[in-house]
Structures are given as structure tokens and as C-alpha cells.
Amino acid sequence: MADPQLVLCGGTRAAHAPRAWRAAPRTHALAIGPGPRDVHLEINQLSRAMGRALSDLDADLLEVAAYVYTIDQVVTRGGTVAVDYGARWRRHLRCVVPVRCPDLWNQPGALGALRRVLVFMTDDAEWEFAFVRAHAPVPRAAYLFDLVDPPDGTEFEEVVLFSGGLDSLCGAVEEVLVGQRPVVLVSHRPVSRTQARQAALLGALRERLPRREVNPVHVGAAINKGEDLNNEFTQRSRSFLFASVAAVVARLVGRRRVRFYENGVTSLNLPGSRELVGGRASRTTHPQVLHGLGDLFSQLFGAPFEVQNPFQWTTKAGMLRRLKAQGHADLCALTCSCGHVWGRHERTPHCGRCSQCVDRRLTALGAGLGDAEDPPHRYESDVLTGARTGPELTLSERYVGSALDMEGVGDPVTFGLRYAELNDALPFTGLPAEGAARAIFALHRDHAAEVRGALRAILATRAEEILRQEYPAQSLLGVIVGRTDRAPVEGRADPGPRPPGWVLERSQFSAFLNGRECFLGNTNEFRVLARLTESLGRYVSLEDLQDDVWRGAPVSRNAVQQTMTNIRRLFRRAEYTAIRLDGSQAGHYRLVLGTK
């Protein structure tokens, strides 16, 4: 486990932290304010009535979420290259936070719910909190702007998250244009250009309203920080921020639930590509995250509260086909799905290389969207023919490969054996475990068929280009047709030999021993090796393995032994003779470099 790092928020001092925390090797200080090293928090377009009704607990939740979101980016994971001796990736964070209602935040139910949801959401080792009374809290007026009045007599029926991407557009259309319900749309605006895109999309929605009474109110949270604090870009905690703002707004309008709209494949986030795990993807709307957020808000508010995803069992292409049938697919051209928001030009809001861009373009083609609905010129690099290197090339290969591989997966049991991460979702879908497994399998089978349909359409329309090989081998089209080049692409650096010794690369889910690779995939076997590598040469108990690898879930001794047998088999297959898995001490295992 990584060394604990202490984060002092809002002017708190080390003396406010529990005594055991004060010897942390690294300490960070954060405060909400306008400065270059402060957390910037602004809530726009709250109604005057909402602003007046904002309680101490509501203000606390907004500030705690802003601090968590910032801490996640201030405290680095140590990069994405290698997991060598342990655990810079999985941070241990201890946060001292001033609040107006410390008794509520320090109650065991709320503390436990907060810890559980953040640990799973961020994939960190630990989030610990000490909440102290805020003697000089930030005045609410300091971060409430543009107070407006909603239409007279409006009773809002839903509070819906609105990012300005494809999925949230489909959700807004369902609520506002199809359902004709008065809703509050809640957005996070990390940069100003995001606000402009959301406003343009909202304006286009309003132009299609059948009647004024369903005109949605748009609440925006601008939460960011100075560039000096940008140390970590994975932002795994952003859905906690997103949901917290929405939960506060829901309370202000008398609702007890909020809705995320995101397709079920992205929500479940199974590792279709080895590059789409760890810090390279999020668990924004994973069923366990939504359940955990609902549990936390219920604990804090003292009443049941739900966080829902109505698209849990829908593919992205399925959503887009429905949007097209409703006559609103042209609005897709105003959305942005790119994972690289920093430095993007307005003419090309999509980079064309990241996982979100690949997924968007292929599913748009699979759903039958035309160039007017998903304009190719809005991608900086052509998703199909743009050259890729490194992780982006691997991502493209595995995205296509996993869709093709699904043809050989004939039943939910085989699917479950391939994706151990399925177990993280099964208890939280609202279905019995067997029914949930079947539904998840069907969802991914449909998604794979849609991707294969898009690939067939690509091959049909690019036949001449393929015959002439007028595209780089290191491109998505090159991956689809299997083209290879003997000479390296110009400008592509040779990665060179692997360093000697024992290295685990989390970005590839592979082990390297003296440069020789052993691919394990995103499996319990890889997680066991990662945990044993943290304590290289030292015994780790079965109890610690259960906590750190299986996250405390019940696991039999036979299941652990089978995992160890699988690791030894993989070692033999890779011809690893200079490392061994030692289980000679009862109830303990260790990883030893050397054969003796």
C-alpha cells in the first residue's frame, strides 16, 4: 500500500488531524477561493428561491465534492508506466475537511458510505476523512452566481445530469422533448468552451419545445483550479462532484432522485481494451457507484435518495437509433464526446484518437448516422485512417478485437469467466444475479454486433482505399484489415528493450521479466501479482489478499489456490525461471526473485 498523504483543506492545520495522521510523509493544503492555487467553485443559474433555501448541509456537500475532485488531481498516482514495487497508483489519502455540520459527516454510516464509493470509483487504496467544525466557513454568496427566477408555478419532475455528450443529449431529449416533463439539467463546466457547447445544445433543444411550460432550467457548476495544481489527469472522482451538485439541486426542488443517462456498456466499463482500465477510464455510472452515491446521500439527508441510470440496459448505438427515429439525430453534431478537452480547437472538438472518439464514431456509423449528424471534419484526426502509436494503437486493436471475439462467446457463463469485473456490478443492477448476468451478456453481445456492422459498412465504403492501401498500417482501418508494414512509421519512436528485472505494466496488464512479456489480462491473477509485487519477497496473508484483491468479497481457499495455480501455469508458459510463487507457509504467499 502507498504511503499515506495528508490533505489539509480550508485552512485546517496538521494539529486538527488525528494524531496518527500527522507523520504523513507528504502534506498538501487546499482552500476554496479565487487564487491561482485555490479550488474555484461557482454555481450558476440557481433560482433565487433555491439560493435562499441552500442549507448548511447542502453547502457542505458542494464544498466536500469540490475538495475531493481537486484532491484527485493534485495528488499524483506516479504516472501510468509501471507498477514495479507497489503502489503509487493506488493512493492512500487522508483528508481533513472543515464543515458546518461535522456531526452529520462523522456519523459512521456516512463516513463508511463516503469511503466505499470513493475507493471503488477512483481505484485508490484508501480515502480517510476527519471532518472538523468550520469556524469561518466560505460565505455561500461567494460561489452562487446569476440567480434567476424559474417560470411561475413550475414544479420540476426530474433532475438530470447534462454533460453535452451524446448520451446526455439522448437523456435530455427523452425527458424534455419526448416526455415533455419540466426538468432541471445540471452540468459540470471544467472549462469555458464546455459551457459554450452546453449552452448551444440547450438552445437547440429549447427551439424544439412543444410548449413553454416544459422549458428546462439549466444549473451549471464551474469547479476547477489553477494550472499549478494539475498533477494528475485521470479524474476518476468527477462523478462524485457531478452527482453531489445534482443531489443538492434535487433537494432544493423537492426531488429525491437524480438521473445520469449513459449507455450500459460504458457504464459497466468491462475491459474490452486493456487500455480502457485503470486510470484511462472511469466508473462514472457503474451500478456500484450509483448505488454507493445513493447510499451516501440517503445517510446524509436522513431519507431515501436514488441515483439512477435509465439507459443501463441500452447500447450507445441503440440510443442513437432511437434518437434518429425521434427526429432529433441532427443535434448530435452539437455534442462533444472527446476525452481530451484541454487545448481542443472549437472547429475540431474531437481528437479522433482517444477511446471516447473511437467509440463515438463507430457507434454513430453502426446506428446509421450520416456525416451531417456526426461530421467527420469535427475530428482533428480521422478516426479510421489517422495514424496511431503506443496505447492509442493498442486501444484501437483491442476495441475491434473484443467485438470480433464476442462471436466466440456463446453464453453468460463463458462471458463471466472472461470478465471477472462482472462481479463488481451483479449485486447492484436491481436484478437477481443470474438475471443480471444474462442481461449484461446480452447487452455486450448486441454492442459487439453493432460494432461489427459498422466495420462491415466501413469496409464496403472504403474498398478502393483498401485495395490501394492508401492509409497507414498503424490506423484503425489498418487494424481492421490486418495490414502491416515492415518499415516503421516515420516519426514513431522505437520503444527499445524492456528494463531488466521484474516489472508489472498496469496499462497493458502484462508482466515483464528481463524484458520477456507474460500477458495476464485484467484478471484476479494480475491483481494478485500486483499485490504480491508490493511486498516483493515478503509473505502476504490470505486475509490481506482477500481484502486487497477480492475487496473483501467472500472467496474460498480453493478459489485462491486455483488463482495461484493459474499464475504458476502462466509463468511456465512464459518460461519464467528467475521468479517463483512461494506458498510454503500455511495461509500465506510471496513472490520471490530467484529460483531458490
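Assorted remarks:
- Candidates in the range 356-390 are the residues that are out of contact with any Ser or Thr (no Cβ under 7 Å at 6 or more places or on another chain) and among the hydroxyl-bearing types (S, T, Y); of these, the one that is farthest from L404 (Cα to Cα) is S381.
- The residues of the range 302-320 that are on the phi < 0 side of the Ramachandran plot and surrounded by fewer than 19 Cβ atoms within 10 Å (Cβ to Cβ), listed by number, are A303, P304, E306, Q308, P310, W313.
- Output for the range 368-398, where each listed residue is at pLDDT 80 or above and in a helix (DSSP H, G or I): P376, H377, R378
- Selection status of D359, closer than 16 Å to S337 by Cβ and in a loop (DSSP other than H, G, I, E, B): no
- Matching residues, the range 279-307, being closer than 16 Å to A436 by Cβ and in contact with a strand residue (DSSP E or B) (Cβ under 7 Å, 6 or more places away or on another chain): L290
- Whichever residue in the range 332-376 is of a type in the set (G, A, S) and over 20 Å from the mean Cα position of the chain (by Cα) and, among such residues, is surrounded by the fewest Cβ atoms within 10 Å (Cβ to Cβ): G343
- Condition met for F415 (crowded, with 18+ Cβ neighbours inside 10 Å and among the aromatic types (F, W, Y)): yes
- Screening V173, V132 for residues that are at pLDDT 95 or above and in the same structural domain as G35 (by TED's automatic domain parsing) leaves exactly one candidate, V132.
- Residue check, L93 modelled with pLDDT of 90 or more, closer than 21 Å to R506 by Cβ and not in a helix (DSSP H, G or I): yes
- Among all residues of the range 12-25, there is none that is in contact with a Phe, Trp or Tyr (Cβ under 7 Å, 6 or more places away or on another chain) and at pLDDT 85 or above.
- N230 meets each of the listed conditions (1) modelled with pLDDT of 90 or more; (2) more than 30 Å from S298 (Cα to Cα) apart from (1).
- Looking only at the range 539-587, and only at residues there that are without any contact (Cβ under 8 Å) to a residue 12 or more places away in the chain and of a type in the set (G, A, S), the one that is nearest to V119 (Cα to Cα): G552
- Looking across the range 431-454, not a single residue is in contact (Cβ under 8 Å) with a residue 40 or more places away in the chain and among the aromatic types (F, W, Y).
Condition check ((1) touching a residue at least 24 places away in the same chain (Cβ under 8 Å); (2) not assigned by TED's automatic domain parsing to the domain that holds H444) across all residues:
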position: K324; (1), (2): yes, yes
position: H340; (1), (2): no, yes
position: C357; (1), (2): yes, no
position: D382; (1), (2): yes, no
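- Qualifying positions in the range 419-440 - part of a helix (DSSP H, G or I), under 21 Å from the mean Cα position of the chain (by Cα) and not acidic (D, E): L422, N423, A425, L426, P427, F428, I440
- Just one of the listed residues (L467, L529, L504) is over 28 Å from the mean Cα position of the chain (by Cα) and modelled with pLDDT of 80 or more, and it is L467.
- Selection count, the range 523-560, where residues are part of a helix (DSSP H, G or I) and of a type in the set (K, R): 3
- Any hit, the range 193-214, residues being among the charged types (D, E, K, R), free of Cβ contacts under 8 Å to residues at least 24 places away in the same chain, under 24 Å from L252 (Cα atoms) and not assigned by TED's automatic domain parsing to the domain that holds I43: yes
One line per residue, one yes/no per condition, for (1) under 22 Å from R418 (Cβ atoms); (2) part of a helix (DSSP H, G or I); (3) modelled with pLDDT under 85; (4) polar (S, T, N, Q):
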site	(1), (2), (3), (4)
R483	no, no, yes, no
D494	no, no, yes, no
P500	no, no, yes, no
A511	yes, no, no, no
Q562	yes, yes, yes, yes
R568	yes, yes, no, no
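The values are calculated or read from the model by the stated rules, or taken from the named source; none is laboratory data. Bear in mind the structure is a predicted one, so any value in this text is a computation, not a measurement. So basically every Cβ, Gly included, is an ideal-geometry build from the backbone, and we count neighbours across all protein chains shown.
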